[in-house]
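Each reported figure results from applying straightforward, stated rules to the coordinates on display, with no laboratory input. For clarity, every value in this text was computed on a predicted model and none was experimentally measured. Positions of Cβ are backbone-derived with ideal geometry, glycine not excepted, and every protein chain shown enters the neighbour counts.
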Amino acid sequence: MPAKKIKFIAGFAIIIVSLLVLVVSSSKQMSMYYFTVTELEAREIEFMDKRIKLAGKVVPGSIQQIDGNRTVEFLIWEPLEKDAFSEKRAVRYSGIIPDTFRDESDVVLEGKTNNEGIFVAETLLAKCPSKYESKSYDEIKDSYK
Amino acid sequence: MLAQLGNFVLWLAIFTSTYACIAAIISGRTKRLDLTISTERAVYATFALCLTAMGVLEYLFVTDSFNVHYVATHSSRDLATGYKFTAVWSGMQGSLLLWALILSGFNFFATLKTRTLRGPLASYATVIISFTQVFFLGLIGIHENPFIELNFTPPDGQGMNPLLVHPAMAIHPPMLYLGYVGFIVPYAFAMGALLSRQADEEWIRTTRRWTLVPWFFLGTGQLLGGKWAYVVLGWGGYWGWDPVENAALLPWLTGTAFLHSVMIQEKKDMLKVWNMALIILTFTLCIYGTFLTRSGVVSSVHAFAQSPIGPWFGALVLVIVVFSSILLYTRLDMLKSKTHYESPISREGGFLLNNVLFLTATFAVFWGVMFPIISEALTGDKITVSAPYFNAVMVPIGLLLLLLTGIGPLLAWRKTSSQSLKRHFAYPTLFGLLCAIVPAVLGVRDIYALISFACSGLVTGTIVSEFHRGALARGSSSGESYIMALINLTRRNKRRYGGYVVHFGIVLLFIGFTGNAFNQDIEAELAYQESATIGPYTLTYEGVTEEVKPLTVDLTAQLGVYKNGERLGTMWPQQKVYYKRDDQQRTTEVSIRSNLREDLYVLCQGFDQRDGQEVALFHVYVNPLVIWVWIGAWVITIGTLITMLPDPRDKARRRRVVGLPQEQEAVA
């Protein structure tokens, strides 16, 4: 193999490897555990006071606004089987409340569990129930009865 | 009745596209002219049928035919007619039909435009596109049929989600689809070249414009989505590294790499295997993106319906990957390069680095999207990465790419002398340094921002000097005025100078992105005539009005905007409550004051009582330089249009291609 070609390959290999190191190391440093309500329950102590992502569904009727409209407290749970839900978990969140946040929204929160057992969220992503989803035939029929 | 017609037309289209697929296989093998023509007609018919099916569905929407399930669940009487029209693609069934329609349109135009190139290559390309067409139409017909009727007619439909009622959202999906779907044309021609063993540069020449079109739409489609998020969703930003956004970014990144590296193949006959791999990867990522967003594999704030068709897309991705790789492997011998690379400081070297960076960026995004799935498979725990990861990785890669945007095009082919380097880069480098030093002196300390400004300055400098030197040279030899020389220069070499304009648009995008480093925001709880201050602005709350409209109750807060004690104007952020909907959905209407320097972006989050006094809650952002993102998008649009304008030299080339002996044999 000519020396030029070796140099060339080595040069690009160095660039590629260093970029890959950047990718992998950043992903390790900046990653966060993602739990559902039941998964967090199972590993409560291990992840006490650690920043995680938590996913669940807003328990209907649980949303309470405190301190103006800026802070909300609500409960989330995880649908297990048909009409069965997990234990509830209390959440407190301050910040912009998305338009899609309401009863039964699916939420993904980012934050920590405090020593009262309340999950203090710093970000809240919500997607409203069946936003673009067509309702089933029966559901439509029901809604017009 | 009409719905049944729609359904019938849909199944006819499934039939014609299946026929086109089979007939194209046979005509590819036998080179029979009659079958080739018959295939073409089937392709035209498929397009006409898809158009009819879409027309029927549009008609059903516009006429409020709520006896159709899909219409009943996605539209309502009170929707403005324009939005009834666009509500067609607000759900799964209609958006898939739009996908299929665009696909049949691409097949139609590609077939029409390449009639002069009849032969195995074109036939096999038709096979690939028609196969995908059958796949999509079949999915629609069996799983996601928009023409299914209810056995009763509801008095009104359930309406489109209010968040989607926005002009950007009306055209964002079609544009993205034009991008996603359009990459099938270069992919199909690449596969056609391999299948027909005509793996020279013909497929690249034929599909060059067909690559620019989807590339352009995929890019602008994403920017429109960003614009929608910025104006409608009201979180103060336009890009959040959400999996769905990333899914659209992936094929754009590899597509951009492809656009660049095919130039080396055209000019230097190198990188043949690599280009094949790139277009395969790009098309795979297009389908993969569809799979991601439709299957619910990764969780996203974009609430697309999870549907049983997810696995089908997964299967299609697998089929494409396996088929394409085997085909490429068996044809490797045909893809030997005739020339070799000579020096790293050359145009080829620049292109290679460009490709490496784009592919690393693709990998970084892909890695981030798939991280939860990979980590769960490996460790049993779902671990996610979000915006901080993407920023940490993509900012440096992006800046390197930006720098390369300035340097690459000025390097000479094969080898660049140090003299030419000095001549080309002395002034642009000085200008770039100036662009970093001035803000640094003014107090900017963010290192990435300074690098970004420096690179932007350097790239702008090289682009301006390219136009300037070109115009001077042309002016002195032809005696034209400077302006005329500039125009004729661009006209004579649209690809090169259009490309520079696109690059300049990219610079503007980066300037806009860099603004993110300086974003500020405050939350304020204001009683009547109270003020809040952010940056140079003071905002005074001047009361609220309530207006009951047919669909909404609009609560409009009025804010006076002051700067240095001088009144600049008034802002009206709103809360709209859709009081007729069961869920009482409310939307927050952002108020934005935009200038070249920064956006003042105000949200009204609601109203409350404090000590017996009514107060309004605001979230105020000052986002510097955002407007340059949208300006950049327009410049890219203009640049792309310039590169796509017909070039007399292309025509001459095509005439030559038609005369190739293999083509005559195929037609005979």
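Could you work out the mean count of beta carbons from other protein chains within 10 Å of each residue's beta carbon in A:95-105?
That works out to 5 on average.
Apply the a/c threshold of 1.5 to the C-alpha gyration tensor of segment A:33-127 and tell me whether it is rounded, prolate or oblate.
Oblate, because a/c is 1.5 or more while a/b does not exceed b/c.
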* Can you give the three extents of the C-alpha atoms in segment B:304-426 along their principal axes, from longest to shortest, in whole Å? -> 61, 42, 28
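Give the Kirkwood hydrodynamic radius (Å, one decimal) of segment A:1-63, defined as one over the mean of 1/r across all pairs of different Cα atoms. Write down the numbers at each step before the final one.
Working: mean 1/r = 0.0628 Å⁻¹.
Radius from the Kirkwood sum: 15.9 Å.
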* **Neighbour-count ranking [beta-carbon atoms within 10 angstrom, fewest first] of B:Ile26, B:Ile627** => B:Ile26, B:Ile627
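Could you give the alpha-carbon Rg of the protein assembly as shown over 2.2 N^0.38 Å, rounded to two decimals?
1.01
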* To do: Report, as an integer, the average count of C-beta atoms from other chains found within 10 Å of each Cβ along B:377-389.
  => 5
* Asked: Within straight cross-link reach of B:Lys382, meaning Cα distance under 28 Å, which lysines are found once same-chain residues fewer than 8 apart are removed?
  -> A:Lys28, A:Lys50, A:Lys53, A:Lys57, A:Lys82, A:Lys88, A:Lys112, A:Lys127, A:Lys131
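Please report, in debye to the nearest 20, how large the charge dipole of the protein assembly as shown is about its Cα centre when each Lys and Arg carries +1 at its beta carbon and each Asp and Glu carries -1 there.
Details: 72 positive and 66 negative charges, 1043 e Å.
My answer is approximately 5020 debye.
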* Asked: Based on the Cα coordinates of segment B:519-627, what is the per residue volume of their convex hull in Å³?
  -> 115 Å³
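How large is Rg/Rh for segment B:399-531, to two decimals, with Cα atoms and a Kirkwood Rh? Mind dumping the intermediate values first?
Values: Rg = 19.6 Å, Rh = 17.0 Å.
Rg divided by Rh gives 1.15.
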* **Ranked list, fewest to most other Cβ atoms within 10 Å of each Cβ, for B:Ile128, B:Ile320** => B:Ile320, B:Ile128
* Send over the semi-axes of segment B:143-185's equivalent ellipsoid, whole angstrom and largest first, taken as the square roots of 5 times the C-alpha gyration tensor eigenvalues. => 29, 19, 6
* Kindly put B:Met644, B:Met270 in sequence by how many other C-beta atoms sit within 10 Å of each C-beta, fewest to most. => B:Met644, B:Met270
* In nanometres, what is the gap between the two model label sites at B:Asp554 and B:Asp611, each 7 Å from Cα along Cα-to-Cβ? -> 3.4 nm
* Rg/Rg_globular for chain B, with Rg_globular taken as 2.2 N^0.38 Å and Rg from C-alpha atoms -> 1.05
* **Exercise: per-residue mean of other protein chain Cβ atoms within 10 Å, B:68-80** => 2
